Amino acid sequence: MLSRLFAPKVKVSAHCDLPCGVYDPAQARIEAESVKAVQEKYQANEDADFRTRAVLIKEQRAELAKHHVSVLWSDYFKPPHFEKFPELHQLINDTLKALSAAKGSNDPKTGQKALDLIAEVDRIFWETKKA
C-alpha cells in the first residue's frame, strides 16, 4: 500500500538532466576567446604587475572553459551521440588538454588551438541538436 502511495504518478524521460536548451558550447568559446585575448595582451605589455594579473585572469578563464566543455561531455552528450560521432570522446579529451596547455602558457597559439577544438565540439553539438 505504501509503495503505491509513493509511486510516481507520471513517468518522464529526457535527453539531458534538464530540458534541452541550457547547454551551449558558446560558453566555452567565450571563455577561450578571453584566454587568447589575455595571452595577446600579455605579449604586448612588459609591465610585471600587468603580466601577473593577466596570468591570473587567463588561468581563471581557462578553468571556466574546461568546466563548460566537461559539462557538455558529462551532462549533454549521451551514448547515441558517441555512436554517431565516435571521435567525440577523443575530441573532448583533446579540447580539455588544449585548454590546460593554454592555461599554462602565454603563447596565443595555444589559445587558438583550444578555440579550434571548441569549434569542432560546437559543430558536433549543433549536429546533435538537429536530430
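The table below lists the values:
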quantity: Some residue of segment 5-23 being among the β-branched types (V, I, T), open to solvent by less than 80 Å² (accessible area, probe 1.4 Å) and at pLDDT below 95; calculated: yes
quantity: Selection status of A54, assigned to a helix (DSSP H, G or I), in contact with a Phe, Trp or Tyr (Cβ under 6 Å, 6 or more places away or on another chain), more than 30 Å from A131 (Cβ to Cβ) and modelled with pLDDT of 95 or more; calculated: yes
quantity: Unmet criterion (only one of (1) over 17 Å from the mean Cα position of the chain (by Cα); (2) surrounded by 14 or more Cβ atoms within 10 Å (Cβ to Cβ); (3) of a type outside the set (G, A, S)) for Q43; calculated: (2)
quantity: Filter pass, F82 being of a type in the set (A, V, I, L, M, F, W, C), free of Cβ contacts under 8 Å to residues at least 12 places away in the same chain and out of contact with any strand residue (DSSP E or B) (no Cβ under 6 Å at 6 or more places or on another chain); calculated: yes
quantity: Residue list for segment 60-88, filter: open to solvent by 70 Å² or more (accessible area, probe 1.4 Å), part of a helix (DSSP H, G or I) and within 13 Å of L117 (Cβ to Cβ); calculated: W73
quantity: Residue selected from segment 95-131 under the condition among the hydrophobic types (A, V, I, L, M, F, W, C) and open to solvent by 60 Å² or more (accessible area, probe 1.4 Å), by the criterion modelled with the lowest pLDDT; calculated: A131
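The values are calculated or read from the model by the stated rules, or taken from the named source; none is laboratory data. Note that this is a predicted model, so its numbers are computed, not measured. Every residue, glycine among them, receives a Cβ derived from its backbone with ideal geometry; neighbour counts consider all protein chains shown. Please note that ligands, DNA and RNA were not included when accessible areas were found on the heavy atoms of the full protein model with its side chains. Shrake-Rupley method; radii C 1.70, N 1.55, O 1.52, S 1.80 Å.
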